[in-house]
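None of the figures in this text is laboratory data; all of them are computed from the coordinates on show. This structure is a prediction, so every number in the text was calculated from the model and none was measured. Backbone-built Cβ (ideal geometry, glycine too); neighbour counts: all protein chains shown.
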Amino acid sequence: MKEKFKKFRFIVLLIPLGLFIRFVDQKVIQDDFLSTNAIEDHYIFIVSLVVIVMGLLAAIFYFDKQSDSSELKMQHFDIDEIQGFSKLYRINLINSITGYKSANMIGTKSSLGKENVAIFSSITHLGSNPALIHFTLRPNIVASDTYNNIKENKVFTVNNVTLNQVEQAHHSSAKYDENISEFDQTLLEPEYRVDWHAPFVKGSPIALGCSYLNEYEIKENGCVLIIAVIEHIFVEDELLQKDGWVKLESGEVVAINGLDGYALPKLKKRLEYARPNEIRRKAKS
Ligand SMILES: Cc1cc2nc3c(=O)[nH]c(=O)nc-3n(C[C@H](O)[C@H](O)[C@H](O)COP(=O)(O)O)c2cc1C
């Protein structure tokens, strides 16, 4: 509504012009303004007209500059303001501000055979030779079934989240007791492949079998960074291209925006490997 009004705000500028015309009209009819051909009247009329038109032009230029779409209207928060936000506002802001993140479910199994699955947005590759990944665990890892199971058995699976798994995958973040498997609380189904101790998630078009290598405590906030090696890759035929590139779009693999927004990215293009001599400088006006 506000945006719609903005489009028509230039019309508001015509009001002073209309009032001026009406004023002159009344003067002409009632006070014989201009009809006597007095030179003084002509000067008053022309000067007033010039002032009004210049005022209108200035207002138009001002509004036009303000609505220039190339100018970003930014909000700025400094570190004190960020710290001053409410917990929920800061969580939402900081979790979404760095962009879309990968959506994966980590599958694990305890030594007693209890399966576990939970959604993670921090899984990223950490170099391809050797093929490593890393992800971060929130502080208080002792309460994390994922962490405990990985420490016990050293293996886990990483399973991409697809559009039709979103609700179930999201629900896997609920804090269930270690004796309760999220596989029993959601429609997600475990699937076993290549004798891997940890369960894969049925229906995920990309799944990795990973082995724990190391962990690092992030001293600044108590998070733990887990490093693992990829031992098995399962990828749906249709997604894997001839050059090894995986077309996630064909599998309706989603991305995470913050902690509760799920997006289905649309591929625009793949580009050539960038080389320095191909840089084209943008002409600066
Ligand atoms: C979209 C989304 C992304 C998440 N990403 C992470 C993450 O990267 N690291 C983490 O420790 N927890 C993350 N969580 C929270 C875990 O899913 C949640 O703590 C879960 O209960 C952990 O399961 P577990 O106790 O069975 O290990 C995320 C939750 C959501 C909804």
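Note that segment 100-263 shows a convex hull volume over its alpha carbon atoms of 117 Å³ per residue. Each residue, LEU163 and ILE52, gets one label point 7 Å from its Cα in the Cβ direction; the gap between the two is 5.7 nm. With Cα atoms as the point set, the radius of gyration and Dmax of the chain evaluate to 31.8, 107 Å. From the largest down, segment 72-193 spans 52, 37, 31 angstrom on the principal axes of its Cα atoms. Here the Debye sum runs over all C-alpha atoms of segment 86-150 as equal scatterers in vacuum, and log10 of I(q)/I(0) at q = 0.20 Å⁻¹ comes out as -0.98.
Building the convex hull from the alpha-carbon atoms of segment 116-169 and averaging its projection over directions returns 4.6 nm². Counting only Cα atoms, segment 39-98 measures 71, 23, 15 Å along its principal axes, largest extent leading.
Of the two radii for segment 186-271, the radius of gyration is 1.02 times the Kirkwood radius, both from the alpha carbons; that is the Rg over Rh value.
Scanning the chain for long hydrophobic helices, with DSSP H runs required to stretch 27 angstrom or more by C-alpha along their axis and to average at least 0.5 on the Kyte-Doolittle scale, returns 39-66.
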